[in-house]
Every structure is written in structure tokens, then in C-alpha cells.
Amino acid sequence: MTSIRALRRRGTAMVEFTLAAVPMIFATMSVVWIGLGMWEYHTLAMAVGQTTRYAAVHGAGCAGQTCAITLDQLAKTLAGRAVGIPAHQISVTLTSSAKSYSSALLDSYYGNTTAWPSLAGNTAVTTNITITATYSFSSGIAMLGGVNVGALNLGATSTQPVLY
């Protein structure tokens, strides 16, 4: 025979577990999504830096050699270094002294055989090129709870001199 005290305590373990587990699950998921966002930001920044260096080394002229790269090669280089970030979600702006390309999605440069950086008419010994990339990161936690949270724009910029 069960006592009255035991009957009153029935189900308390389930209530206590629910009160403790739900916040812990959301806290764990928050840490995972923040880590994913930080990883994507650092990946994008590293990819932009390496791609800018690649373009500067293979810039127009290359110390008398013909080794200029195309926008297609540049886009594929950036996409290859931005592991885990879809190319159709990266917005890229390319800037040089002679020709700039405004913000466009990275995959829109695929197949473009235009040489970049175009340094035609530049008489300076060095010139700077700049690559700016932006990626819109949205948390999966907002999707789970049905909360409409705006995406966080992760941006990276790199400038390198092209010596020729």
C-alpha cells in the first residue's frame, strides 16, 4: 500500500526534468550555432585574404610575364577556399584602380573570361586591389522556434598591392 506522501510525489521527476532539460537543450544548441557562425566568419575572412593574395601575385603583368587571371578563376579560387559556404550565398565586390565590379553573387562570375585585376593605364609602381565578401548567416535556432530573427551579415575585406 502506498502512502499519501508517495502519491503526492508522483510525476515530480518528469516535471523537474522538463524544467531543467528544455533550457539546457536550447543553451547547447545556441553554443553550437554560435560556433558555426564563428567558423563561417573565419573561413570567409581566410578565403578572402588568400584569394586577394592569389590575385595580387597573378595580377596583370606579373613582372613582365603574362599571367593575369580571369574572373572565373578568381571566383573558383574563392569558392574553393570558402569551405562549407555556398558560392550562391557569397556576395563579392572586386576593386582595382582601373576596373571595379560591384557586389554580385560569387557564382555569377563563373564562366566570365574577363582578366582581373585590370591595371590598364596605371603608371604607378604599385596599385592596390581589394576583395570584399559578405555572407548572410541565419541561425537554426530561429528556424526551430518559428521566431523571425534577421540574418547576420558576415563580411570580410582584404587589400593587397599588385607589384609589377
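Remarks
- If R0 equals 45 Å, the separation of the Cβ atoms of Thr113 and Met29 corresponds to a calculated FRET efficiency of about 0.50.
- Converting phi to 3J(HN,Hα) with the Karplus coefficients 6.51, -1.76 and 1.60 and the offset θ = phi - 60°, segment 151-158 yields 6, 9, 7, 9, x, 9, 9, 9 Hz in sequence order, with x at every glycine or proline.
- Ascending count of other beta-carbon atoms within 10 Å, so fewest first, for Arg53, Arg5: Arg5, Arg53
- Rounded FRET efficiency, nearest 0.05, which uses the C-beta distance separating Val83 from Met14 and R0 of 41 Å: 0.40
Only the coordinates and a few stated rules stand behind these numbers; no lab work does. As the structure is a computational prediction, the values presented were derived from the model and not from experiment. Reconstructed Cβ throughout: ideal geometry from the backbone, glycine too, with neighbour counts over all protein chains shown.
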